[in-house]
Amino acid sequence: MTTKMNEIVSKLYTAHETKQPIEFIRHDYQLDEESAYFVQEQFIQKQTTIHNAEIAGYKISMTSAETQAIADTNEPAYGTLLSTHIQHSGNSIVLSSLFDPLIEPEIMFILQEDLSPNADEEEIIQKSKVCAGIEIPDARYIDWFPNFSLADLLCDNTATGLVVLADPIEPLTFDQFETIEMELFHNGEKISEGVSSAVLGNPVSSVAWLSEKLAKKNKVLQQGMVISSGTFISPLVAKEGTYKVTYSHIGDVEITFV
């Protein structure tokens, strides 16, 4: 690993540990996509080693044209979920323990078997359970959303904060996955709604994108992994109180910030 990449990993890790956000990486370093993903891998490796964490799955970011436009790209991006990122419905989180968190309603896929490289939608449905979920993106940068570049996002593990899981259920059909309706509530008041077709047309297609992207790096999605498939809406700033998301056919999930 080059000195430049070592420096970036060290800056991100220090920010992560001290809870002191930093300026965007792009101000001091020029990185292409491949190099930025490599930094992400090294950042994750350092966290798994020091915190005795395990890779728990992946999250898919920028599944809408609007968010891709922010980062000047034409495809999603992925980040790596660690065991330390997983929360369960009903939990409480201390808001001050995070940097600048957002709320994103997302369907979670829980893999029941290893997927083939380049797994298609049919295989993904056959080998998955699903659950209602919330992603809580959280970046290590000052004033990060929506001011990041693609390289900033990828280096910082695509702003991975936490993911919240409800109990898993058997998957829907491909067509049903396309028309899941979502409502988001904060302290009982409805604040947003959306439909699953906002996620690359279908959340299953989002997971298929991830499988193909990882196959190019000789990686496969494995049994037990959690895949956070992409947000139904533009993210909202997380505030104190309880967030509840209801999904048609899937169920509910909630998390409280204190």
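The values are calculated or read from the model by the stated rules, or taken from the named source; none is laboratory data. Bear in mind that the values here come from a model prediction, so they are computed numbers and not experimental data. Note: ideal-geometry Cβ built from the backbone for every residue, glycine included; neighbour counts use all protein chains shown.
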(request) Please state which one of Thr84, Thr73, Thr80 is touching a His at 6+ places or on another chain (Cβ under 7 Å), polar (S, T, N, Q) and within 30 Å of Lys19 (Cβ to Cβ). (result) Thr84
(request) Please go through segment 29-44 and pick out each residue that is part of a helix (DSSP H, G or I) and farther than 13 Å from Ser10 by Cβ. (result) Glu33, Glu34, Ser35, Ala36, Tyr37, Phe38, Gln40, Glu41, Ile44
(request) Examine segment 98-119 for a residue that is buried (at least 17 other Cβ atoms within 10 Å of the Cβ), touching a Leu at 6+ places or on another chain (Cβ under 9 Å), modelled with pLDDT under 95 and of a type outside the set (Asp, Glu), and state whether such a residue exists. (result) no
(request) Output the residue which, of all residues in segment 126-162 that are β-branched (Val, Ile, Thr) and not in a strand (DSSP E or B), is farthest from Phe38 (Cα to Cα). (result) Ile142
(request) Could you grab me the full set of residues in segment 86-101 that are more than 18 Å from Ala132 (Cβ to Cβ) and among the aliphatic types (A, V, I, L, M)? (result) Val94, Leu95, Leu98
(request) Just give me the residues in segment 129-160 being surrounded by fewer than 23 Cβ atoms within 10 Å (Cβ to Cβ) and polar (S, T, N, Q), in sequence order. (result) Asn147, Ser149
(message) Of the residues Gly241, Gly188, Gly251, only one is over 18 Å from Ser61 (Cα atoms) and touching a Cys at 6+ places or on another chain (Cβ under 8 Å); which?
(response) Gly251
(request) Go through segment 163-199 residue by residue and tally those that are in a strand (DSSP E or B), of a type outside the set (A, V, I, L, M, F, W, C) and closer than 16 Å to Glu106 by Cβ. (result) 5
(message) Is it the case, given these coordinates, that Val220 is farther than 23 Å from Arg140 by Cβ and either among the basic types (Lys, Arg) or in a strand (DSSP E or B) (or both)?
(response) no
(message) Going residue by residue through segment 165-181, is there one that turns out to be touching a strand residue (DSSP E or B) at 6+ places or on another chain (Cβ under 9 Å), within 30 Å of Asn6 (Cβ to Cβ) and buried (at least 23 other Cβ atoms within 10 Å of the Cβ)?
(response) no
(message) Could you check segment 236-257 and list, in sequence order, the residues that are surrounded by fewer than 19 Cβ atoms within 10 Å (Cβ to Cβ), in a loop (DSSP other than H, G, I, E, B) and touching a strand residue (DSSP E or B) at 6+ places or on another chain (Cβ under 6 Å)?
(response) Glu240, Ser248
